[in-house]
1. Tell me the helices (runs of 4 or more DSSP H) entirely within segment A:300-381 that contain at least 2 residues that are under 20 Å from A:PHE171 (Cβ atoms) and either of a type outside the set (A, V, I, L, M) or modelled with pLDDT of 95 or more (or both).
2. Report, by residue number, each residue of segment B:98-117 that is part of a helix (DSSP H, G or I) and either outside the structural domain of B:CYS157 (by TED's automatic domain parsing) or buried (at least 18 other Cβ atoms within 10 Å of the Cβ) (or both).
3. Before we move on, is A:ASN48 in a loop (DSSP other than H, G, I, E, B) and either touching a Gly at 6+ places or on another chain (Cβ under 9 Å) or touching a residue at least 24 places away in the same chain (Cβ under 8 Å) (or both)?
4. Taking segment A:6-25, which residues are closer than 16 Å to A:PRO239 by Cα and either surrounded by 11 or more Cβ atoms within 10 Å (Cβ to Cβ) or among the acidic types (Asp, Glu) (or both)?
5. For segment A:102-114, give me each residue that is out of contact with any Gly (no Cβ under 8 Å at 6 or more places or on another chain) and more than 14 Å from chain B (Cβ to nearest Cβ).
6. With respect to B:VAL10, determine if the residue is modelled with pLDDT under 95, assigned by TED's automatic domain parsing to the domain that holds B:MET124 and either in contact with a strand residue (DSSP E or B) (Cβ under 9 Å, 6 or more places away or on another chain) or not in a helix (DSSP H, G or I) (or both).
7. Considering only segment A:63-99, how many residues are more than 7 Å from chain B (Cβ to nearest Cβ), over 30 Å from the mean Cα position of the chain (by Cα) and of a type in the set (A, V, I, L, M)?
8. If you scan segment B:150-163, which residues turn out to be closer than 29 Å to B:ALA64 by Cα and touching a strand residue (DSSP E or B) at 6+ places or on another chain (Cβ under 7 Å)?
Amino acid sequence: MSFSWAKPYEPKHPLMRWIDERLPLPRVVYGAIGGGYPVPRNLNYWWNFGVLAGIFLTIQIVTGIVLAMHYTASVDGAFNSVEHIMRDVNAGWLIRYAHMNGASFFFIVVYLHIFRSLYYGSYKAPRELVWMLGLVIYLLMMATAFMGYVLPWGQMSYWGAQVITGFFSAFPLVGEPLRVWLLGGYAPDQAALTRFFSLHYLLPFIIAAVVILHIWALHIPGSGNPTGVDVKEERDTLPFHPFYTAKDGWFAGAFLLLYAIVTYFAPNYLGHPDNYIPADPLATPAHIVPEWYFWPFYAILRAFTVDFILPAKLWGVLAMFLSILLLFFLPWLDKSPVRSGSYRPLFKRFFWLLVADVVILGWAGGSHATPFWIAVSQIASAYYFLHFLVILPLVSRFETPLPLPSSISESVLHGEEAEAAPVGSKKKRGGSVATAAAE
Amino acid sequence: MATRAQSAEVPATTDSGGSTGEEGVRRRDFLNVAAVSFAGVGGVVALAPLFVQMAPSADVLALATTEVDISKIQPGQGIKAVWRKQPVFIRNLTPKEIAEANAVAMSDLRDPESLAQRTKPGKMNWLITLGVCTHLGCVPLGIGEGENKGPYGGYFCPCHGSAYDTAARIRTGPAPTNLVVPDYEFTSDTTVKIG
C-alpha cells in the first residue's frame, strides 16, 4: 500500500484465491492489518491505543446490541427495563456493566490516543486528515455517550439531557426554538427519549464508518513513529502481522484485564449513584455533573460567569465548542517541521503543562461550582486557549529542535545489536554502535 | 533465536538463524500455541453471556405456574387460561364427549393415547391441554361458545385444518401430535395449578 516493499497478497489456499479474484477483500485485509502493511519497527506502547480503541468500539456495539434486546425506550418503562436487565436477564448485570464501563474505557483509550498524537505530532503533514477524521470520531463518540447516558432515565440521565440540550438555547434568536426542536418538547420527555435511543443505536455505526476512513487515510503515508522521522527503507519497518498483531494482542489482553477488574469489582466507581433514582422532572439533584470524560469541557462551560458584550451563557457554550473545534486547526497552528516532541525540548515542557492543565480542568469540572473551583476553571480554561493559540505557534517558530536521527534504524540500533547476538558469540555486550553494514 | 540454539541439541553455531528444517516442537511453537489458546478460550468464555442472555429471564421463569379457578365451568363448557403467555384450554367434558373419546380404537389414532392417560384419575371430565396447535402454533377453535369444534367435536385449527377429537387428540390434518397436556395438579376440587 504505502511502501514499495510492501508484500503483495498471495493466496495460500485455492478458496482464498477464488474469493480474491472475485472480491479482493482478503487482499484489502492483508494490506491493512496483515503482512502487507509495513509499520515502523520502533513503535512504543503509545501506539497500541488505536487498536484498543477499535476493540472498545466493538465491545460497545456488541454489548449495546444485546442491551437493546431488553431495553424499553419509554418514559414509563426505561428505568424499570434497566433494572430488569440488572436483575432478571441472564448475565444482564454483566452485559450492562460491561457497556457502562466500556464507554469509560473507550474514552480512556481515546484520550491516551489523542495525547499520543499531540506529543508525537501525529497531526502534522502528511497526516492532517487522519487527525481531523479522528476528531470527527471523538465528536461522534461524545454525542453517542451523552445520548446513551440519557437512556436509563434516571435523575442524572434526565438532568443531563436537560442541561446539555440547554447549551443550544444560548444562541441568540434560534437558540430556544432549536432546543425545543431537538427535544421535541419543552422538557425532556418521551419524544426526546425515543429519538436519543434511535440515534444512540445509529451513531456507533457511523463511527465505525469514519474509523475506516481514519485507517484508510493513515495507511496512505503509513503509521508515524516515536522519532517522527520518515520511513526510508525496508529495514525501518516490520510487517504488521505477526509483529504488531502480537504486540497489540498482548497489550490488549493486559488492558482488558484492567477493564475486567473495574467491571467486576468496581462497576459503579465511574458512575453516579443519583442515576439509580428514577427521573423526576420536578427536582434536580443537588450536585449534577456529567460523566468524567466530559469534565474538562464542563469546567470551560462554567468558567464564564460575567456578561461581556455577549451573555456569559453564550460565552461558556461557545468556548466549550471552540475548545474542540480549534483542534481541527492544530496542523496549521504548530508549524514546526519536527514531528516528535522527543526532539523538541521547549514543546515538550509545554506539552506536559497542557496535560496538567486538562487534568486540572477535569478536576474543576467534576467539583461543586464553588467560587474556588470556578476561579480554577477560569485560569485553566484561559491557559488551554493560550496554549493552542499563542504558545504553540510561538514555540514552533522560535524553538531549536534537537538533531534528528538520520533514520529509524539508526535510532533503534545503538548497541542492542551486540545484546541481541547469540550467547557465546564473539560480540560483547555494550559493543560499538551498530552501523548499517552490520545488519 | 539464541534460546532456540540452546534448546535444540545442536551446538550454538552461526546456524541459529531462522532455518525451517527443524524437527520436533520448538519452544516458540509452544509459546505461540499456549498464548493463542489462552486468548481463544478467554474469548469463548467472554462470548457466553451474549448467548445466555437470550434464554428466558428470571421474570419470565417466575410465571411458570398459574392457578386457575374452575368452579364456574359447567359440563360442556371450557375456558382459556394463560400459562407462560400461552393459552391453556380447560374443558369440562360431558358424559357424551367422554364416551365418544373412549369409543375410538387406539389403532385409529396418529398419536395413540387414551382419555384416561390425558386426564387425572377420577377427574376424567377435566381435559386440560395447551391451546397451541402442534402443527405450527395457531390457537385452535372449539373452546369458546359457538366456535367450530371440527368434525370430531373437539378442536379445529383454522390455520391449516387440523382437527382434534373430544380428548384433544389429532385425527386429521397436518398436526403431528395431540394437543400437549401440561403438568398440572388439582390443589382443591375447584382449583388447578398449571405448571
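The values are calculated or read from the model by the stated rules, or taken from the named source; none is laboratory data. Since this is a predicted model, take the numbers as computed values, not measurements. Quick reminder, even Gly has a Cβ in these numbers, built from the backbone with ideal geometry, and neighbours come from all protein chains shown.
1. Hits in segment A:300-381: A:312-325.
2. B:ILE98, B:GLU100, B:ALA101
3. No: the conditions fail for A:ASN48.
4. A:ALA6, A:LYS7, A:TYR9, A:GLU10
5. A:SER104, A:PHE105, A:PHE106, A:PHE107, A:ILE108, A:VAL109, A:VAL110, A:TYR111, A:LEU112
6. no
7. Residues in segment A:63-99 being more than 7 Å from chain B (Cβ to nearest Cβ), over 30 Å from the mean Cα position of the chain (by Cα) and of a type in the set (A, V, I, L, M): 1 in total.
8. Residues satisfying the conditions are B:GLY154, B:TYR155, B:PHE156, B:PRO158, B:SER162, B:ALA163.
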